[in-house]
Amino acid sequence: MTKRKYTLKNIALISTLSIMFSTSIVKANSSFERISGKNRYETAAAISKHGWEKSQYAVIAQGENFPDALCSVPLAKKYNAPILLTSKDKLHKNVEEEIKRLKVKNIIIIGGEGAISSKLEESIKNNFKDVTVERISGKDRYETSVKIAQKLDFNGEVVLSSSKYYADALSIAPIAAKKGIPIILTGKDKLSTSAKNYLKDKNINNSYVIGGTGVIENSILKEVKNSTRIYGKNRFETNMEILKKFQNDIDYTNTFAALGCGPNGNEFADALSGAALAAKMNGPIILSNKDLPEVTKNYLQTKLTGKEKIFALGGESVLPSKAVNKILNKKDETNKEEDKNAKPNAGGSGGGTSSGGASGGGGSSTQKGPEVTKVYLKGADETIFDGEIKSSSISVNIPKEYKENITNIVVTASEDIVSAQVAGKKISKEEIEKLYGNNRNEMDLIQYIRYKGFDKEKDGLEISNVKLLNDTSIILRDGNKNSTIYKLIIK
């Protein structure tokens, strides 16, 4: 078999496996899941996969042009669409694959040719001939925000946010989207002509000015009816003041954490598409520093019950787990999958109990769950790579010169596997029964991946994708809820 090129399907698998098998899961009453990719474009695609099985619409914004993307969150909510990011002149492959996966019929490009070139627009039209492509743009970011607002049904409320300080727009975007409120960008000391023209004939019941006077001066408040300023001493306090103001509109069941520090706006790249997902799931955006600010921690302690799901937007280097764990009000336990019934396999060679345990009745009576008796990988050319089983780990080495896809990752246990957990991803009893039938002491992880809708051609995964499982853990449970945990090593 010749060496395969990366296909769009494989690009999608990288993002998907990163979510399925490379997320940091912190076990507690609340749970924590990280949604990220290798860059802002992959992160946007990963967020889309998390929130949408299909969508008639997709909003495409430039990954470096944050105002356009944030102003489009209410529009994305209106059409139940994800926001996908691209560069000015090139549609990234994972974004192209995501458009196909979603079966999109309408693409809305946000911004002028300075944001997304006409060349790229034509490329999108040529690649997706059955898709209607529309561009929403103005002569500048202010007019673009108004053009987006005109696509919404005006309901008597409007948000005014700074065109330069993106943290405030990020804080308000999911709430504005849920309430169907347009986000109009403004300069520091005056409204743009396009904004004035849009607002002049509107019957405005509430206008929300986001940020302090250092961001938007009081003169702006005089230009809009029924204005209320929402602000704090810094972006994190403003974030909390927004949550307080709209507390009756917020459901913390799904809460999204994003990095809110940094001078240039680049720190918000991973959160841009996350704002659309937060809007879809009616959750708030929580801004954090590399460490969670005290004002944020103190307020959230009055709102979170311990049953919420916390989503971290971006990788560990963007938003450290120690910050998210403070939202959970617990000590840092980054990348630890814990199970109160899971016991490391303490048996020696042959799988017996620890030596000396039974003598005189003084040994441990701890009950382990299913123990791994065999593990192997199979390649597309039928090559078998047998794994090594140790007391607390299972490992498989793939030779560097081997280039074929991997079609099977099989773990065989000493007894029936009732449920399992791989890298924090739970595989339920019902899923085990559906996938493996009566032969439930043998579990093929790639079969599970296919069950989740990937590798439909059944030609396997590229080795680079399989290695995303390296240095994760696998927990096997029996019918009595006894569990055994192993570290999974694939090199």
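Among residues of region 182-221 being touching a residue at least 24 places away in the same chain (Cβ under 8 Å) and farther than 17 Å from residue 142 by Cβ, the one that is surrounded by the most Cβ atoms within 10 Å (Cβ to Cβ) is 208.
For every residue, the table says whether it meets (1) polar (S, T, N, Q); (2) under 30 Å from residue 40 (Cβ atoms); (3) modelled with pLDDT under 85; (4) within 23 Å of the chain's Cα centre (by Cα).
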residue: 309; (1), (2), (3), (4): no, yes, no, yes
residue: 316; (1), (2), (3), (4): no, yes, yes, yes
residue: 325; (1), (2), (3), (4): yes, yes, no, yes
residue: 332; (1), (2), (3), (4): no, yes, yes, yes
residue: 336; (1), (2), (3), (4): no, yes, yes, yes
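Considering region 372-491, the qualifying helices (runs of 4 or more DSSP H), each wholly inside and each with 2 or more residues that are basic (Lys, Arg), run over 429-436. Scanning for something surrounded by fewer than 22 Cβ atoms within 10 Å (Cβ to Cβ), closer than 18 Å to residue 260 by Cβ and polar (S, T, N, Q), does region 163-180 turn up at least one residue? Yes, the conditions are met somewhere in region 163-180. Per the listing 360, 347, the residue uniquely at pLDDT below 50 and in the same structural domain as residue 405 (by TED's automatic domain parsing) is 347. Residue check: residue 152 meets all listed conditions (1) in contact with a strand residue (DSSP E or B) (Cβ under 7 Å, 6 or more places away or on another chain); (2) at pLDDT 95 or above but one, namely (1). Within region 432-475, take every residue that is more than 26 Å from the chain's Cα centre (by Cα) and among the aliphatic types (A, V, I, L, M) and give me the one that is nearest to residue 379 (Cα to Cα). Looking at residues that are more than 26 Å from the chain's Cα centre (by Cα) and among the aliphatic types (A, V, I, L, M), I get 443.
Whenever a residue of region 38-61 is closer than 13 Å to residue 95 by Cβ, its partners that are basic (Lys, Arg), lying with C-beta atoms within less than 8 angstrom and at least six residues away or across chains, give the pairs 49/101. Being of a type in the set (S, T, N, Q), over 18 Å from residue 276 (Cβ atoms), modelled with pLDDT under 95 and outside the structural domain of residue 470 (by TED's automatic domain parsing) is not true of residue 86. Against the definition (surrounded by 22 or more Cβ atoms within 10 Å (Cβ to Cβ) and either part of a helix (DSSP H, G or I) or out of contact with any Leu (no Cβ under 9 Å at 6 or more places or on another chain) (or both)), how does residue 123 come out, yes or no? In short, no.
Of the helices (runs of 4 or more DSSP H) contained entirely in region 32-88, those carrying at least 3 residues that are touching a helix residue (DSSP H, G or I) at 6+ places or on another chain (Cβ under 7 Å) and farther than 21 Å from residue 166 by Cα fall at 40-51. Of the candidates 194, 207, the single residue that is among the polar types (S, T, N, Q), in contact with a strand residue (DSSP E or B) (Cβ under 8 Å, 6 or more places away or on another chain) and modelled with pLDDT of 95 or more is 207. Pairing each residue of region 129-147 that is surrounded by fewer than 20 Cβ atoms within 10 Å (Cβ to Cβ) with any residue that is assigned to a loop (DSSP other than H, G, I, E, B) and among the β-branched types (Val, Ile, Thr), provided the two are 6+ apart or on different chains, yields C-beta distances under 7 Å for 131/104. Looking across 383, 472, one residue alone is more than 16 Å from residue 370 (Cα to Cα), among the hydroxyl-bearing types (Ser, Thr, Tyr) and at pLDDT 85 or above. It is 383. Does residue 97 fit the bill of being crowded, with 16+ Cβ neighbours inside 10 Å and farther than 17 Å from residue 271 by Cβ? Here the answer is yes, as residue 97 does meet what is asked. Of all the residues in region 266-305, those that are at pLDDT 90 or above and part of a helix (DSSP H, G or I) number 14. Scoring residue 78 on the criteria (1) in contact (Cβ under 8 Å) with a residue 60 or more places away in the chain; (2) touching a Ser or Thr at 6+ places or on another chain (Cβ under 7 Å) leaves a single failure, condition (2). Counting the residues of region 54-74 that are modelled with pLDDT of 95 or more and crowded, with 24+ Cβ neighbours inside 10 Å gives 6.
Listed conditions (1) under 13 Å from residue 274 (Cβ atoms); (2) crowded, with 24+ Cβ neighbours inside 10 Å; (3) modelled with pLDDT of 90 or more are all met by residue 51, apart from (2). Among the residues here, residue 87 does not qualify as under 23 Å from residue 123 (Cβ atoms), crowded, with 23+ Cβ neighbours inside 10 Å and among the polar types (S, T, N, Q).
Quick grid of which residues meet (1) at pLDDT 95 or above; (2) more than 23 Å from the chain's Cα centre (by Cα):
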residue	(1), (2)
136	yes, yes
145	yes, yes
162	no, yes
166	no, no
172	yes, no
175	yes, no
181	yes, yes
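The values are calculated or read from the model by the stated rules, or taken from the named source; none is laboratory data. From a predicted model like this one, the values you see are computed outputs, not experimental measurements. Reconstructed Cβ throughout: ideal geometry from the backbone, glycine too, with neighbour counts over all protein chains shown.
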